[in-house]
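Inspection log for the structure reproduced underneath, given as structure tokens.
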Amino acid sequence: MTESNAPPVEKPVPIPEYLSHYYLWAYVSRRAIRFWDHGILVQLILFGQYSRLKNRVRALFSRQPGSVLQIACVYGSLTSELVADLHSSETLTLVDVVPDQLARSLGKIDDQRLKAVLANSADLPCPSGQFDKVLLFFLLHEQPLQVRIRTVQEALRVLGKNGLLVIVDYDRPCIGHPCYLILSLIFAWLEPFARDLWRQDLSTWIRSFAPGTDIKRTSVFGGVYQILEIRNRS
């Protein structure tokens, strides 16, 4: 499938206003998708930590057998490597609200174990408890608060009991960190919702509306990034 082809869907799904307004340059336009979807650019954007972060996700998922849900496409090779890690009977379902994002991923990965679903992360068309593993990779910082809450709630809803939700996103480094000023400028200019993750601890925030979870939080690269391992006990 070429990147100009959208995956088949029963009905169109509107692209959220905040996404088309703030992130046209990064995720919505075809030109942006073609430009940014290169490993070297992702490495630069993440201060050389992309490989480290994706390998942590792969290692965590390798310890938990079963089906995978990845909410939102990710530039670079993460999705293809997660699909390659699957056992023959396992599948990875990739959800995104932008048709060209899904088409781009399907065009790169020729594997029947990859399933594509056009949907909003805050309203997943999936049965409760369907997946053993769910991934949110640098998605929450791009979302307004109410959408972010619904995204996490939906991720936990579709996660089976004792399943694993992994969240990788920005953390808050100390003011003396070399990346602190750079990120402050980027957030002020391009990422209007990202500072929310600096204002409140993400694990504490999730526990406030999802008390039936066990959360392990790991800080990466001096507090620039964080990885949350969330077990759904309810």
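The values are calculated or read from the model by the stated rules, or taken from the named source; none is laboratory data. Owing to the predicted nature of the structure, the values given are computational and were not obtained by experimental measurement. Cβ atoms come from the backbone with ideal geometry, glycine included; neighbour counts cover every protein chain shown.
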Members of segment 189-228 that are of a type in the set (D, E, K, R) and under 30 Å from Leu24 (Cα atoms): Glu191, Arg195, Asp196, Arg199, Asp201
Considering only residues that are within 14 Å of the chain's Cα centre (by Cα) and not basic (Lys, Arg), look in segment 47-60 and name the one that is surrounded by the fewest Cβ atoms within 10 Å (Cβ to Cβ). Leu53
Of the candidates Leu102, Leu140, the one satisfying the condition of being touching a strand residue (DSSP E or B) at 6+ places or on another chain (Cβ under 8 Å), closer than 24 Å to Pro12 by Cβ and in contact (Cβ under 8 Å) with a residue 12 or more places away in the chain is Leu102
Picked from segment 61-85 (must be out of contact with any Phe, Trp or Tyr (no Cβ under 9 Å at 6 or more places or on another chain) and among the aliphatic types (A, V, I, L, M)), the residue nearest to Glu154 (Cα to Cα) is Val83
How many residues does segment 192-203 contain that are surrounded by fewer than 18 Cβ atoms within 10 Å (Cβ to Cβ) and either part of a loop (DSSP other than H, G, I, E, B) or on the phi > 0 side of the Ramachandran plot (or both)? 5
Read through the list (1) surrounded by 23 or more Cβ atoms within 10 Å (Cβ to Cβ); (2) at positive phi, then give the number of the only condition that Gly129 fails. (1)
Can you tell me how many residues within segment 204-234 are among the hydroxyl-bearing types (Ser, Thr, Tyr), within 27 Å of Tyr50 (Cβ to Cβ) and in a helix (DSSP H, G or I)? 1
Considering every residue within segment 211-228, establish whether at least one is modelled with pLDDT under 95, over 30 Å from Lys115 (Cα atoms) and surrounded by fewer than 19 Cβ atoms within 10 Å (Cβ to Cβ). yes
Consider Leu181 carefully, then state whether it is among the hydrophobic types (A, V, I, L, M, F, W, C) and free of Cβ contacts under 8 Å to residues at least 24 places away in the same chain. yes
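Give me the residue from segment 158-178 that is surrounded by 18 or more Cβ atoms within 10 Å (Cβ to Cβ) and of a type outside the set (A, V, I, L, M) and, out of that set, farthest from Pro127 (Cα to Cα).
Pro173
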Selection within segment 131-185 - part of a loop (DSSP other than H, G, I, E, B) and of a type outside the set (A, V, I, L, M, F, W, C): Gln143, Pro144, Asp171, Arg172, Pro173, Gly176, His177, Pro178
